[in-house]
Amino acid sequence: MRQIETDVLIRFSIPESYGNLRKHRLRRRSQSLLTQTPRIRLSSPGFSELSGYRSIMKAPKKELAQADRDALFEILETRFEKNPHRHPGIAWEEVKAHLLKNPGKLRSLLEMESTGGEPDVVEWNAGAGTCTFFDCSPESPKGRTSLCYDKEALAARKQHKPRDSAMNLAESMGVELLNEAQYRHLQKLGPVDRKTSSWIKTPDDIRELDGALFGDHRFGHTFVYHNGAQSYYAARGFRASLTI
């Protein structure tokens, strides 16, 4: 698979007296930093940086540019072929054909990818004509951390508010948080969140008491816990599902 990077312009203001050696060191350092963060080449207008990843939340609501779609498909195909245990008996060409018939969903899928979710197919329902993607990244998606649970929790927090809530960000992306059953199913496909944790969709009766659920994987087991919905942590994001 060819390496895909976004176009980045870096400018340095260096006094002439520093000489060529200083310029060379800075150039090597900038190249090293660029290769440390995986990126997708994005052509559509309205993109902005979010925690080292590309975010399309403020982009115009229209179909992806062909270059963005092709880059996304290349990443998804590579991941799909490397993880057949997540979708036994399903061929990538079937999935690709289905995605091409539903171009309006690709922006949500790209948002999952660009915020670090590493989405992959986990269900193919031939009868309903749908396929479902889950975030399958080893740890909670990096572009969606430090979020409280929902907008009510965000409004109730008086000091040190986070930038957003998990439920609100998911709605903006056009996806849904995994519920407990989905989270446990994902863990059966291969353990995730061994160093982090992820918010999961919380039943109404728990949320009415100001609680919210999150999960992780420790000591060879999957755990689901409770926390105050207003809490947020740098090591906790959320995992999403998208049915197309």
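The values are calculated or read from the model by the stated rules, or taken from the named source; none is laboratory data. Keep in mind it's a predicted model, so treat the numbers as computed, not measured. For neighbour counting, all protein chains shown are included, and Cβ atoms are generated from backbone atoms with ideal geometry for every residue, glycine included.
Only residues that are touching a residue at least 12 places away in the same chain (Cβ under 8 Å) and either part of a helix (DSSP H, G or I) or of a type outside the set (A, V, I, L, M) (or both) were counted in segment 202-219, giving 10. Of all residues in segment 125-152, which are outside any loop (DSSP other than H, G, I, E, B), at pLDDT 95 or above and surrounded by fewer than 24 Cβ atoms within 10 Å (Cβ to Cβ)? Within segment 125-152, THR130, CYS131, THR132, LYS142, GLY143, LYS151, GLU152 meet the criteria. Candidates in segment 172-185 are the residues that are out of contact with any helix residue (DSSP H, G or I) (no Cβ under 9 Å at 6 or more places or on another chain) and not hydroxyl-bearing (Ser, Thr, Tyr); of these, the one that is surrounded by the fewest Cβ atoms within 10 Å (Cβ to Cβ) is ALA181. Of all the criteria given as (1) free of Cβ contacts under 8 Å to residues at least 40 places away in the same chain; (2) touching a Leu at 6+ places or on another chain (Cβ under 8 Å); (3) aliphatic (A, V, I, L, M), the one not satisfied by LEU110 is (1). Selection within segment 225-240: residues that are among the small types (Gly, Ala, Ser) and within 22 Å of ASP205 (Cβ to Cβ). The member of this set that is surrounded by the most Cβ atoms within 10 Å (Cβ to Cβ) is ALA229. Taking the criterion of being assigned to a helix (DSSP H, G or I) and polar (S, T, N, Q), the residues of segment 161-200 that qualify are ASN168, SER172, GLN182, GLN187.
Any residue that is of a type in the set (Ser, Thr, Tyr), touching a helix residue (DSSP H, G or I) at 6+ places or on another chain (Cβ under 6 Å) and in a loop (DSSP other than H, G, I, E, B) - is there at least one of those in segment 93-111?
There is no residue in segment 93-111 that is of a type in the set (Ser, Thr, Tyr), touching a helix residue (DSSP H, G or I) at 6+ places or on another chain (Cβ under 6 Å) and in a loop (DSSP other than H, G, I, E, B).
When LEU177, LEU147, LEU209 are checked against the criterion of being among the aliphatic types (A, V, I, L, M), on the phi < 0 side of the Ramachandran plot and in contact with a Lys or Arg (Cβ under 6 Å, 6 or more places away or on another chain), a single residue qualifies: LEU177. Within segment 196-215, the set of residues being more than 20 Å from ASP120 (Cβ to Cβ) and either over 17 Å from the mean Cα position of the chain (by Cα) or among the charged types (D, E, K, R) (or both) comprises THR202, PRO203, ASP204, ASP205, ILE206, ARG207, GLU208, LEU209, ASP210, GLY211, ALA212, LEU213.
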